[in-house]
Amino acid sequence: MKNTVLIILLAALAVAVFLSPFASSSPDGLERVAEDLGFIEKGEEQILKSPIPDYAFPGIENEKAATALAGAVGTLLTFGAVYAVGRGASRKKKEA
Amino acid sequence: MHIPDGFLDAKTWVSAAAISAGAISYSVKKTREALSERMVPVMGVLAAFIFAAQMINFPIAGGTSGHLLGAALATVLLGPWASGLIISTVLIIQCLFFNDGGITALGGNILNMAFIGSLVAYAVYRSVSGIGGGKRWEQAAVFLASWVSVMVAAFAATVEVGVSGNLPVSFGVALSAMLGWHALIGIGEGLITVAVVSFVRNAGLSPAWQQEKAQSEVSGA
């Protein structure tokens, strides 16, 4: 099972680094409907400022590299966050 | 289908945020009861995979794209509450770090995708897989759970934008447009979920609740 865990993590990183630069940039289902039905302009600039807006790591000229790096950072960040939450949530459970 | 800032009015996003906060704290409790500590790394890598997969928008038709939601995937492998927790964390990270989904819409997005998506996926998966047997039937159950989870999340998002008074057309028109596109996106969801679940099952990981059941039967005997 340790191997499975490692394989899934490596697969996640591979997807984030190698596939994300080639993702479709077409609007998703909700954006498309909002455009077609005329409520896309209700959307506002994000109120909160994010450090890596729109999955492009700032300061990198090459768009594909910026996306790949953002993907890698986000994937590891998500792993770390859920690992921490999971440890917190399962801490008091006694092992069988 | 990450809702941006501006689509939801204050009463809607405050209500959705309150429900989601309650759901997160309940899911922490349920996850604590259901999952042993050795499943924590599995939760982590599955969340990482779902984050990565959500970046991959695949074209569906007519200049529209979709991406994996992951609620059915996490639910089939770890149960609906651990899934709710995983998808919530993914959505929070996307919102805070990547500008994906508005901060005011975060509660709505968590409610639709993390909790409604996971609980409905669980209901569909359990009922469909319960009435038949065999590998093909199991895959059909996973596919259907995935497809329905995307459809109900899209339904919930439409309801929230609707009660916010931000639909310039009737609710029915908006709903049929949303469900039309998401019926196609749901097929992608189903195919990816079936493939990943099959891979993980072949690698020897069975669903969390089955493990717990087996464990309690052993310790109860």
Among the numbered criteria (1) surrounded by fewer than 19 Cβ atoms within 10 Å (Cβ to Cβ); (2) out of contact with any helix residue (DSSP H, G or I) (no Cβ under 6 Å at 6 or more places or on another chain); (3) closer than 30 Å to B:F171 by Cβ, which one does A:I40 miss? (2)
Considering residues of segment B:99-111 that are at the interface with chain A (Cβ under 9 Å from one of its Cβ atoms) and buried (at least 24 other Cβ atoms within 10 Å of the Cβ) only, the residue nearest to A:I52 (Cα to Cα): B:G102
How many of the residues in segment B:112-136 are away from chain A (no Cβ under 14 Å) and touching a residue at least 60 places away in the same chain (Cβ under 8 Å)? 1
Picked from segment B:37-46 (must be without any contact (Cβ under 8 Å) to a residue 60 or more places away in the chain and within 7 Å of chain A (Cβ to nearest Cβ)), the residue farthest from B:I87 (Cα to Cα) is B:E37
Does any residue of segment B:47-54 turn out to be at the interface with another protein chain (Cβ under 10 Å from one of its Cβ atoms), in a loop (DSSP other than H, G, I, E, B) and in contact with a helix residue (DSSP H, G or I) (Cβ under 9 Å, 6 or more places away or on another chain)? no
Given (1) surrounded by fewer than 16 Cβ atoms within 10 Å (Cβ to Cβ); (2) out of contact with any strand residue (DSSP E or B) (no Cβ under 9 Å at 6 or more places or on another chain); (3) not in a helix (DSSP H, G or I), B:P59 misses just (2)
State whether one or more residues within segment A:68-81 are within 7 Å of chain B (Cβ to nearest Cβ), buried (at least 19 other Cβ atoms within 10 Å of the Cβ), more than 29 Å from B:V159 (Cβ to Cβ) and touching a Gly at 6+ places or on another chain (Cβ under 7 Å). yes
Among what's in segment B:112-158 and is small (G, A, S) and touching a Ser or Thr at 6+ places or on another chain (Cβ under 8 Å), pick the residue that is surrounded by the fewest Cβ atoms within 10 Å (Cβ to Cβ). B:A141
Per the filter on segment B:159-175, residues assigned to a helix (DSSP H, G or I), under 19 Å from B:N112 (Cβ atoms) and facing chain A (nearest Cβ under 10 Å) are B:V161, B:A174, B:L175
Out of the residues in segment A:45-62 that are among the charged types (D, E, K, R) and more than 7 Å from every other protein chain (Cβ to nearest Cβ), which is nearest to the chain's Cα centre (by Cα)? A:K49
Residue that is nearest to the other protein chains (Cβ to nearest Cβ), among those in segment A:1-25 that are part of a loop (DSSP other than H, G, I, E, B) and out of contact with any Pro (no Cβ under 6 Å at 6 or more places or on another chain): A:A23
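Any read-out appearing in this document is the output of simple, stated calculations on the displayed coordinates, not a laboratory observation. Bear in mind that the values here come from a model prediction, so they are computed numbers and not experimental data. Using ideal geometry, Cβ is built from the backbone for each residue, glycine included, and neighbour counts are taken over all protein chains shown.
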